[in-house]
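Down below is the structure, laid out as structure tokens.
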Amino acid sequence: MRQNVLRVGLLGGALCVWSCAEARAADATEPGFYANFDVGVNFLSEVEGREFDPGLRFGVAGGYRFTPMISAEIETGFLYNEVKDAEDNTISHVPLLANVMFRFENKSPFVPFVGVGVGGVVSFLSIDDIISEDDDSDVVFAWHLQAGVHYRINANMSAGITYKYLGVDSPEFEIGGGTIELDVLHNHAIMASFNWSF
């Protein structure tokens with residue numbers, strides 16, 4: 001199942017990049033298409049007494065910059081965490097989000113940015129213990145916040161660090177003949193990111 005989740009995330013990322021493939025090269029301060037890639041560590045807050053080890057998050061987004069400040073994008077990716085002291089029990093997410101981004105261009109090479117978004121998440125829960133081995137998935141509403149700073153490498157490329165928050169609205173799983181309903185899941189990620197304007 002984990003391989004299938006990864007494939008879904010990679011397929012979504014490929015579609016975002018493909019949507020920009022025909023666009024011409026453009027300065028990052030001019031209207032045009034761009035792609036953003038990021039990878040880092042994901043922290044999942046405690047849920048109903050369950051603690052989680054730090055996990056991973058990677059993402060890819062494709063978007064269009066309308067002005068030097070405002071852009072809109074579609075983002076997908078993959079988040080993964082293991083339950084603390086139970087490494088075979090995992091929770092993962094594949095989001096599909098629509099984001100609005102605000103990039104604060106200035107005379108320095110450092111470009112701060114913030115973004116907000118909403119969408120959906122496919123959440124996966126996998127349990128593998130002495131009593132049972134089972135997994136299930138659920139599709140739920142999600143919301144997204146991000147902020148960071150990029151260093152302008154040249155007119156088309158920048159790289160930096162991003163904080164991302166993903167809220168996942170109470171997924172429900174049918175596991176071992178019973179129902180597991182979780183509270184809202186709060187994901188916090190610190191990520192290295194790269195932006196390329198086409």
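Points to keep in mind about this one:
- Put simply, of F102, F124, F113 the only residue that is among the hydrophobic types (A, V, I, L, M, F, W, C) and under 16 Å from M157 (Cα atoms) is F113.
- In the range 67-83, the residues that are under 30 Å from D128 (Cα atoms) reach residues that are acidic (D, E) and not in a strand (DSSP E or B) with C-beta atoms within less than 8 angstrom, at least six apart or across chains, in these pairs: N81/D53; E82/D53; V83/E51; V83/D53.
- Hits in the range 84-96 - residues which are under 15 Å from D135 (Cα atoms) and either modelled with pLDDT of 95 or more or β-branched (V, I, T) (or both): T90, I91, S92, H93
- Test result for N89, among the polar types (S, T, N, Q), within 14 Å of the chain's Cα centre (by Cα) and within 19 Å of F43 (Cα to Cα): no
- Yes/no for V122 being more than 16 Å from Y163 (Cα to Cα), touching a residue at least 12 places away in the same chain (Cβ under 8 Å) and touching a helix residue (DSSP H, G or I) at 6+ places or on another chain (Cβ under 8 Å): yes
- Criterion applied to H144, H186, H150 was being assigned to a strand (DSSP E or B), more than 14 Å from the chain's Cα centre (by Cα) and touching a residue at least 12 places away in the same chain (Cβ under 8 Å), and the one residue passing it is H150.
- Taken over the range 155-178, the residue count meeting the criterion of being within 15 Å of M191 (Cα to Cα) and surrounded by fewer than 16 Cβ atoms within 10 Å (Cβ to Cβ) is 4.
- Selection within the range 97-154: residues that are out of contact with any Phe, Trp or Tyr (no Cβ under 9 Å at 6 or more places or on another chain), buried (at least 16 other Cβ atoms within 10 Å of the Cβ) and at pLDDT 95 or above. The member of this set that is farthest from G40 (Cα to Cα) is V140.
- Pairs, first under 25 Å from R103 (Cα atoms) in the range 31-59, second of a type in the set (K, R), C-beta under 7 Å, six or more apart: P31/R65; G32/R65; Y34/R65; G40/R57; N42/R57
- Filtering L56, L79 for residues that are surrounded by 17 or more Cβ atoms within 10 Å (Cβ to Cβ) and closer than 21 Å to L182 by Cβ leaves a single hit, L79.
- Of residues in the range 169-183 being part of a loop (DSSP other than H, G, I, E, B) and modelled with pLDDT of 90 or more, the one nearest to Q146 (Cα to Cα): D169
The values are calculated or read from the model by the stated rules, or taken from the named source; none is laboratory data. Everything numeric here is computed off the predicted structure, so don't read it as measured data. FYI the Cβ positions are ideal-geometry reconstructions off the backbone, even for glycines, and counts take in every protein chain you see.
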